[in-house]
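The values are calculated or read from the model by the stated rules, or taken from the named source; none is laboratory data. Predicted model only: the values in this text are computed from it and were never measured. Backbone-built Cβ (ideal geometry, glycine too); neighbour counts: all protein chains shown. Areas reflect the complete protein model, heavy atoms only, side chains present, ligands, DNA and RNA absent. Shrake-Rupley method; radii C 1.70, N 1.55, O 1.52, S 1.80 Å.
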Amino acid sequence: MTAILSNLQATRAAVSRAVESAGRQVADVHLLAVSKTFPAEAVREAYRAGQIAFGENYLQEALEKIEALRDLPLEWHFIGPIQSNKTRAIAENFAWVHSVDRLKIAERLSAQRPAHMPPLNVCLQVNVSGEATKSGVAPAEVEQLAREVARLPHLKLRGLMSIPSPAPGEMQQRRPFAQMRELLERLKSQGVAVDTLSMGMSQDFPAAIQEGATIVRIGSAIFGHRT
C-alpha cells in the first residue's frame, strides 16, 4: 500500500467519524484533496485511490498539472488568492473557485467563462477572523456581495469559504466556523440559493464538520508535509 493510499483511507475514516459524531450524513461532506506543491504523479496516485476533487492555490503550477493529467476525469478547485490578470485561465480550467472576495473578480470570471462550459461554481471567501494579512470579504459585506455575484450569468454561487486563525482546541476552533454557518443560514433566509460551506483543513476539520462544513480541504494529512 502506498503512503498516499494509506493516508487517504485514514483521512476518509477520520472524516466519517467526525460526520457521525456531528449527527450528520457522510454523503453531505466532501473531501477536497489540496495538492498544491505536490507533483502531478501524486495527484495521479490519489486518483487511483478513488479521489476525484483536487484543490490548487498557485495558478501556473495548477495549469501544468491539469495539462499533465488531462487523461483523468478530475474536478479542479481553485482555492488561492485571485489576481485580475489570472481570471481567464481560472475561468477556462476549473470547475470551482473558492476564493472570490470582490465583485470585480467575479465579473471577470463570469465574462471569461467559455460558453460551452457549465457555470463556474464559486464560493465567497470570508475573512471571518478579521486578519489584515488574509484575503476575504468582511462578514458584514457578505450579503451584498452574494446578491451581486448571484446575478452573474456564467457563475453559480454555491456558498462561503473561510480560513480562520489557528486555534488550540476544538471549542475555540468551532467559534469562527459557527459564525460561518450563521452567515450561510442568513443568506438562505434572505432568499439567496446557497448550499456550500468550504471550511476546515487537516488540523481543524472535525470542528468545521461539527459546525456544518460541506467541503473540507485537506492536504498534508493526505500528501505529507510540504517543504
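Under the condition of being touching a Ser or Thr at 6+ places or on another chain (Cβ under 7 Å) and open to solvent by 10 Å² or more (accessible area, probe 1.4 Å), which residue from region 196-216 is nearest to Pro164 (Cα to Cα)? Let's see the steps before the verdict.
Within region 196-216, the subset touching a Ser or Thr at 6+ places or on another chain (Cβ under 7 Å) is 196-197, 199, 202, 214-215.
Right, trim to open to solvent by 10 Å² or more (accessible area, probe 1.4 Å) and you get 202, 214-215.
Numbers: Ser202: 13, Thr214: 16, Ile215: 15 Å.
So, considering only residues that are touching a Ser or Thr at 6+ places or on another chain (Cβ under 7 Å) and open to solvent by 10 Å² or more (accessible area, probe 1.4 Å), the one nearest to Pro164 (Cα to Cα) is Ser202.
Screening Ala132, Ala140 for residues that are within 29 Å of Ala22 (Cα to Cα), open to solvent by 60 Å² or more (accessible area, probe 1.4 Å) and of a type in the set (A, V, I, L, M, F, W, C) leaves exactly one candidate, Ala140. Restricting region 33-61 to residues that are in a strand (DSSP E or B) and in contact with a Phe, Trp or Tyr (Cβ under 7 Å, 6 or more places away or on another chain) leaves a set whose member that is farthest from Ala95 (Cα to Cα) is Ala33. Looking at Ser16, Ser99, which one is in contact (Cβ under 8 Å) with a residue 40 or more places away in the chain and either in a helix (DSSP H, G or I) or within 23 Å of Ala207 (Cβ to Cβ) (or both)? One residue alone meets the criteria, Ser99. Within region 102-120, the only residue that satisfies the criterion of being in contact (Cβ under 8 Å) with a residue 40 or more places away in the chain, within 17 Å of the chain's Cα centre (by Cα) and not in a helix (DSSP H, G or I) is Arg102.
Criterion applied to Asp204, Asp101 was being of a type in the set (Asp, Glu) and out of contact with any Gly (no Cβ under 9 Å at 6 or more places or on another chain), and the one residue passing it is Asp204. In region 19-32, of all residues being part of a helix (DSSP H, G or I) and of a type outside the set (Asp, Glu), the one that is least open to solvent (accessible area, probe 1.4 Å) corresponds to Val19.
What do you reckon, is Glu61 surrounded by 15 or more Cβ atoms within 10 Å (Cβ to Cβ) and either under 26 Å from Pro153 (Cα atoms) or more than 18 Å from the chain's Cα centre (by Cα) (or both)?
Working: surrounded by 15 or more Cβ atoms within 10 Å (Cβ to Cβ): yes; either under 26 Å from Pro153 (Cα atoms) or more than 18 Å from the chain's Cα centre (by Cα) (or both): no.
No: the conditions fail for Glu61.
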